[in-house]
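The values are calculated or read from the model by the stated rules, or taken from the named source; none is laboratory data. Since the structure is predicted, the reported quantities are computational estimates derived from the model, not experimental observations. Because the Cβ atoms are built from the backbone with ideal geometry, glycine has one as well, and the counts that use them run over all protein chains shown.
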Amino acid sequence: MINVKAKKSIKFGVSSVHSERLLYQGSWSNLVELSYEDEKKQIRKWEGLHRKNNAEAVIIIAKMVPSERYIIIRQFRPPTNSYILEFPAGLVDPGETFEQTAIRELSEETGFVGEVKMISPRLYPSPGILSETVSIVHMKVEDNLPENKKPVARNEPGEFITVFKKSLAEISDFLSQELSQGVKFDAKLYSYFLAKGVL
């Protein structure tokens, strides 16, 4: 497994958060007001969201071999009031490594068993509002493993996940078809396939 690690943090600029005030405490997240100092030493206010218990997540780019198909899921996301196409993903449980989380979440959401090949540094998916970090985990899924012949997902209560397996050649038509049915796309999934040159 290759681990891509960020270089040692170096202080850049003078802006920093001085304090935060809880505005609303929900079951899964907290809305806070942040007081921070900008580059001109002026104190400003900002609103942000913290996850209540889990501040880290993984996004799983799982590629099947030798068929070279990608595992994609569709599920309803209440904040968007839409069905979303995305890569499998999940929160890192206390005491878990990113590798352990990726293996567990891929199995729970799709039923597939995979091997972790690479883990990205911690990334911020929406830094204008959310403090959560995500790490992108690339996984290899062997087509010919017995458990991958007829995978059985173990979705949590309230999760209703549809699993797709698509090659790069199929992605453009597949996304167009989903879009025509009102399905929306996660930015990370769309950006990945855009970078692959198939959109």
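Yes/no matrix, rows are residues, columns are (1) part of a strand (DSSP E or B); (2) out of contact with any helix residue (DSSP H, G or I) (no Cβ under 9 Å at 6 or more places or on another chain); (3) not assigned by TED's automatic domain parsing to the domain that holds Trp28:
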residue: Lys63; (1), (2), (3): yes, yes, yes
residue: Leu106; (1), (2), (3): no, yes, yes
residue: Glu109; (1), (2), (3): no, yes, yes
residue: Phe112; (1), (2), (3): no, no, yes
residue: Val116; (1), (2), (3): yes, no, yes
residue: Ile136; (1), (2), (3): yes, no, yes
residue: Lys140; (1), (2), (3): yes, yes, yes
residue: Asn148; (1), (2), (3): no, yes, yes
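Residues that are crowded, with 16+ Cβ neighbours inside 10 Å, closer than 15 Å to Met64 by Cβ and of a type in the set (D, E, K, R) do occur in region 158-165.
Could you please let me know if Ile103 is touching a residue at least 12 places away in the same chain (Cβ under 8 Å) and either touching a His at 6+ places or on another chain (Cβ under 6 Å) or within 15 Å of Val163 (Cα to Cα) (or both)? Before you say what the answer is, go through the steps one by one.
On the way: touching a residue at least 12 places away in the same chain (Cβ under 8 Å): yes; either touching a His at 6+ places or on another chain (Cβ under 6 Å) or within 15 Å of Val163 (Cα to Cα) (or both): no.
No, not satisfied.
Annotation note: of Pro157, Pro125, the sole residue that is of a type outside the set (D, E, K, R), within 21 Å of Gly90 (Cβ to Cβ), free of Cβ contacts under 8 Å to residues at least 60 places away in the same chain and not in a strand (DSSP E or B) is Pro157. Scan region 75-89 and tell me whether some residue there is more than 22 Å from Trp28 (Cβ to Cβ), without any contact (Cβ under 8 Å) to a residue 24 or more places away in the chain and not charged (D, E, K, R). There is no residue in region 75-89 that is more than 22 Å from Trp28 (Cβ to Cβ), without any contact (Cβ under 8 Å) to a residue 24 or more places away in the chain and not charged (D, E, K, R). Can you find a residue in region 180-194 that is closer than 18 Å to Leu91 by Cβ, in contact (Cβ under 8 Å) with a residue 24 or more places away in the chain, outside any strand (DSSP E or B) and hydroxyl-bearing (Ser, Thr, Tyr)? So far as region 180-194 goes, no, none of its residues is closer than 18 Å to Leu91 by Cβ, in contact (Cβ under 8 Å) with a residue 24 or more places away in the chain, outside any strand (DSSP E or B) and hydroxyl-bearing (Ser, Thr, Tyr). Residue by residue through region 26-61, note down the ones that are within 23 Å of the chain's Cα centre (by Cα), assigned to a strand (DSSP E or B) and of a type outside the set (A, V, I, L, M). Ser29, Asn30, Glu47, Gly48, His50, Arg51, Glu56, listed by residue number. Of everything in region 90-110 that is crowded, with 18+ Cβ neighbours inside 10 Å and under 24 Å from Lys149 (Cβ atoms), the residue that is nearest to the chain's Cα centre (by Cα) is Gly90.
Only residues in region 1-26 that are of a type in the set (Lys, Arg) count as the first member; pair them with residues that are at pLDDT 95 or above, Cβ under 6 angstrom, at least 6 apart or cross-chain, and list the lot. Final answer for the pair search is Arg21/Glu33.
Residue by residue, here is whether (1) over 29 Å from Val163 (Cα atoms); (2) surrounded by fewer than 16 Cβ atoms within 10 Å (Cβ to Cβ) holds:
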residue: Ser19; (1), (2): yes, yes
residue: Glu33; (1), (2): yes, yes
residue: Val58; (1), (2): no, no
residue: Pro66; (1), (2): no, yes
residue: Pro79; (1), (2): no, yes
residue: Ser82; (1), (2): no, yes
residue: Ser135; (1), (2): no, no
